[in-house]
1. Going by how many other Cβ atoms sit within 10 Å of their own, how do I34, I150 line up, fewest first?
2. For the range 111-155, what are Rg and Dmax over the alpha carbons, in angstrom?
3. What are the extents of the Cα atoms of the chain along their three principal axes, in Å, largest first?
4. Counting residues in the range 4-67 as N, plug N into 2.2 N^0.38 Å and put the Cα Rg over that result.
5. Just to be sure I follow the rule: in the chain, considering lysines 8 or more places apart or on different chains, how many pairs have Cα atoms under 30 Å apart?
6. Shape of the range 67-148 from its Cα gyration tensor (a ≥ b ≥ c, root eigenvalues): rounded if a/c is under 1.5, otherwise prolate when a/b > b/c, or oblate?
7. Give me, ordered by chain and number, the residues 5 or more places off D148 or on other chains with an amide H under 5 Å from its own placed amide H.
8. Find out how many positive minus negative residues lie around C10, taking Lys and Arg as positive, Asp and Glu as negative, among other residues whose Cβ is under 11 Å from that of C10.
Amino acid sequence: MQISQLFEKCGAHKDPITVGSVYDDILPERVEAILEIGVQGGGSMRAWCEFYPDADVFGLDVSPKCGDVDVSRATVFLGDVCDKAFLRSCIEDMPQLDVIIDDGGHVACQQQDAFNALFPCLKPEGLYIIEDLHVAKDSARQSAGYSDTITFLKMLPCSYNVTMYKSLASIRRTFA
Ligand SMILES: C[S@@+](CC[C@H](N)C(=O)[O-])C[C@H]1O[C@@H](n2cnc3c(N)ncnc32)[C@H](O)[C@@H]1O
């Protein structure tokens, strides 16, 4: 069964056509470990467990109600994705991840803090997916000091270049 069909079957809070068909196209057939931020009723967790029967499936949610949802064999961490100490403890309990999906609060500061903390936990060929970026402009207004997440993502290659050029400059100074 395709992942879009599993979203319907398992009661995921994701549109099977607009979101599900993208996942059908981009997700690998096999993974060892997957994490989703945003568990809610557990629908997508159940879909990941069924689609990836051999994988470790992890979820993370701030709502204590998510501790009681039926999520098959998934592990659910309860806490706020903006809490750095909580995220560090989650990271210690997970292997390197093939896929990370952010379907949490859809707020710029949450998306960007989570990305900065979790991106290093991805395998080199891993996928980091942030859902509902169309609300990024609005959510930036709730996040003083943060740009919207589309701008943040567009700037990433530039910031990596700046880091590289800075280190090149220091190497040149050292050996000049
Ligand atoms: C859209 S729902 C997730 C739906 C689920 N992925 C699915 O497809 O069935 C968003 C979830 O994000 C959680 N959330 C919101 N803000 C959060 C935060 N700061 N940290 C962790 N989880 C958060 C909410 O409690 C809610 O359960």
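Values in this text are rule-based calculations from the coordinates and carry no lab data. All figures in this text were calculated on a predicted structure; none of them were measured in a lab. Backbone-built Cβ (ideal geometry, glycine too); neighbour counts: all protein chains shown.
1. So the ranking, lowest neighbour count to highest, is I150, I34.
2. 11.3, 33
3. Principal extents (Cα only, largest first): 63, 36, 32 Å.
4. Working: Rg = 11.4 Å, N = 64, 2.2 N^0.38 = 10.7 Å.
Ratio of Cα Rg to 2.2 N^0.38 Å: 1.07.
5. Number of lysine pairs found: 18.
6. Working: a/c = 1.68, a/b = 1.46, b/c = 1.15.
It comes out prolate by the Cα gyration axes.
7. Amide H neighbours of D148: none.
8. On the way: positive: K9, K14, R46; negative: E8, E50, D70.
That sum, taken over residues with Cβ under 11 Å, equals 0.
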